[in-house]
Amino acid sequence: MTIQTDVVIIGAGPVGLFQVFELGLQGLNSIIIDALPDPGGQCIELYPDKPIYDIPAVALCTGRELIDKLMEQIAPFEAPLHLDQTVDTLTRNSDDTFSLETSKGLQVECRAVIVAAGAGSFTPVKLRVDAIDKFEDKQIFYRVRKPAVHEGRNLVVLGGGDSAVDWALALADKAASITLVNRTERFRAAEASVEKLMALQESGKAKVLFGAVKGFAEQNGELSSVHCVLRDDAKSEIDLPVDDLLVFFGLSPKLGPVEDWGLALEKNMVTVDCATFETSEPGIYAVGDINTYPGKKKLILSGFHETAMAAHAIKYQFEPDKKQYTQYTTTSPLLQKRLGVKEGDA
Ligand code: FAD
């Protein structure tokens with residue numbers, strides 16, 4: 001089945017989310033597609049609990065709070081979110097509409113596309129041990145999608161950030177055994193979580209080691225243990241029996257498929273006309289960290305401004321003969337109807 005919509009927004013970071021709002025005010029429907037399992041882009045992936053101080057009229061909020069507020073603000077427009085899938089192909093049809101297909105086979109047709117892909121799609125930093133990648137998605141996991149599949153198994157968790165520590169805490173009671181291996185004694189995870197982990201170690205429910213995985217052993221085609229070199233003075237070596245290896249070395253952004261869509265690029269960013277935020281391809285717009293133009297600043301507030309400009313430009317693209325007026329949400333009955341705060345036909 002092919003979904004039809006006015007506009008497809010590629011990327012559910014803060015800027016992609018706010019784009020729904022600006023399009024909605026213009027009376028345009030949109031859907032959002034994102035590679036990640038949750039909306040929020042960098043705010044959720046890189047700094048969910050860290051403070052942001054430069055969102056206008058919000059003196060302080062965390063990355064997660066900003067995304068929660070944006071989700072609340074765009075709720076009236078009911079834009080479907082299609083998560084956990086990358087937009088792989090984007091093609092122009094003979095009638096100047098666009099067809100998109102995602103990694104999960106979702107097909108969408110639309111009249112305009114907004115690329116809000118930030119630094120590209122985030123991909124996990126892989127464990128670099130020769131030939132170990134054959135166990136990926138069988139016994140080596142870079143995300144925990146279904147916690148239940150790890151129950152009753154010998155788990156080794158690699159990493160020292162929030163994901164590694166939080167998953168070690170969440171799975172400790174359910175695993176047959178759990179060992180967290182961090183490169184150094186310093187953790188990047190929240191202090192309170194590290195304290196909980198150390199308490200688990202003291203109670204014998206978890207083991208914490210400092211070192212790195214350098215090799216592995218297999219039995220009957222299955223990963224059976226990982227070989228670690230520890231950071232103690234003797235550089236002692238240890239084999240840890242493992243059923244599932246959970247690796248959380250962080251995420252690195254990759255421009256990925258955006259490179260293949262024929263858009264003019266400058267240093268891996270999409271060049272746009274800063275009056276409309278249209279790219280070199282008519283009907284395809286780019287907002288937020290993915291774009292570049294003279295004076296560009298990679299800030300959330302700059303991205304928000306860009307979404308308003310792009311939404312107006314798209315409205316004009318769809319209805320070139322109709323005069324556009326700047327309307328205020330404070331006073332415009334039409335905008336208030338679209339926002340669902342006033343009765344009537346939007
Ligand atoms: P992103 O947040 O990068 O989101 C892009 C989304 O697009 C991602 O979710 C990605 O998965 C998705 N995507 C990419 N390619 C595809 C594809 N092909 N298919 C499907 N999905 C795709 N800015 C501020 O203004 N104030 C701050 O205080 C601040 N603090 C920061 C702190 C840190 C540690 C960092 C790293 C950044 C900070 N920033 C701050 C910058 C801010 O986070 C970015 O400017 C903002 O996230 C850009 O939003 P975006 O929506 O353009 O892109």
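The values are calculated or read from the model by the stated rules, or taken from the named source; none is laboratory data. All values reported here derive from a predicted model rather than from experimental measurement. Please note: Cβ atoms are built from the backbone with ideal geometry, for glycine as well, and neighbour counts cover all protein chains shown.
Key figures
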item: Selection within the stretch 144-163 - surrounded by 13 or more Cβ atoms within 10 Å (Cβ to Cβ) and modelled with pLDDT under 95; result: Val144, Gly161, Asp162, Ser163
item: Any chance Thr123 is within 16 Å of the ligand (Cβ to nearest atom), in contact (Cβ under 8 Å) with a residue 24 or more places away in the chain and out of contact with any helix residue (DSSP H, G or I) (no Cβ under 9 Å at 6 or more places or on another chain); result: no
item: Residue tally, condition more than 13 Å from the ligand (Cβ to nearest atom) and out of contact with any helix residue (DSSP H, G or I) (no Cβ under 7 Å at 6 or more places or on another chain), over the stretch 1-26; result: 6
item: Qualifying residue in the stretch 322-333 (condition: within 14 Å of the ligand (Cβ to nearest atom), outside any loop (DSSP other than H, G, I, E, B), free of Cβ contacts under 8 Å to residues at least 60 places away in the same chain and not β-branched (Val, Ile, Thr)); result: no
item: Entirely in the stretch 176-242, the strands (runs of 3 or more DSSP E) that have 2 or more residues that are at pLDDT 95 or above and more than 28 Å from the chain's Cα centre (by Cα); result: 207-219, 222-230, 237-241
item: Tally of residues being over 22 Å from Leu334 (Cβ atoms) and either under 17 Å from the mean Cα position of the chain (by Cα) or surrounded by 14 or more Cβ atoms within 10 Å (Cβ to Cβ) (or both) across the stretch 56-78; result: 11
item: Residue match in the stretch 88-96 (condition: free of Cβ contacts under 8 Å to residues at least 60 places away in the same chain and either touching a strand residue (DSSP E or B) at 6+ places or on another chain (Cβ under 7 Å) or outside the structural domain of Gly11 (by TED's automatic domain parsing) (or both)); result: yes
item: Total residues in the stretch 48-84, condition within 28 Å of Gly105 (Cα to Cα), near the ligand (Cβ under 10 Å from one of its atoms) and touching a Gly at 6+ places or on another chain (Cβ under 8 Å); result: 1
item: Sole residue being farther than 30 Å from Pro282 by Cα, out of contact with any Lys or Arg (no Cβ under 9 Å at 6 or more places or on another chain) and buried (at least 18 other Cβ atoms within 10 Å of the Cβ), chosen from Leu240, Leu245, Leu230; result: Leu245
item: Count of residues meeting criterion [more than 15 Å from the ligand (Cβ to nearest atom) and over 18 Å from Arg92 (Cα atoms)] in the stretch 275-292; result: 2
item: Count of the stretch 27-47 residues which are more than 7 Å from the ligand (Cβ to nearest atom) and free of Cβ contacts under 8 Å to residues at least 24 places away in the same chain; result: 1
item: Residues (in contact with a Leu (Cβ under 6 Å, 6 or more places away or on another chain), buried (at least 24 other Cβ atoms within 10 Å of the Cβ) and not in a helix (DSSP H, G or I)) located in the stretch 13-52; result: Ser30, Ile32, Asp34
